[in-house]
Ligand SMILES: [Zn+2]
């Protein structure tokens, strides 16, 4: 299954936020939310379909 561009965007933002937050704490998700307010939709797509990546 090919990941959609918006899913890839989410993965990039996710990784960039890990530069500041090396975990999945509330502070981490807060940072993701600031950059990408609709990240939850993309995150749940990934959870359902996967992307062959461990994020
Ligand atoms: Zn992560």
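If you go through the stretch 43-50 one residue at a time, do you hit one that is surrounded by fewer than 13 Cβ atoms within 10 Å (Cβ to Cβ) and at pLDDT 95 or above? Checking the stretch 43-50: not a single residue is surrounded by fewer than 13 Cβ atoms within 10 Å (Cβ to Cβ) and at pLDDT 95 or above.
Restricting the first member to the stretch 13-25 and to residues that are more than 8 Å from the ligand (Cβ to nearest atom), and the second to residues that are assigned to a loop (DSSP other than H, G, I, E, B), the beta-carbon pairs closer than 7 Å and six or more apart or on different chains are 13/36.
The values are calculated or read from the model by the stated rules, or taken from the named source; none is laboratory data. Everything numeric here is computed off the predicted structure, so don't read it as measured data. Please note: Cβ atoms are built from the backbone with ideal geometry, for glycine as well, and neighbour counts cover all protein chains shown.
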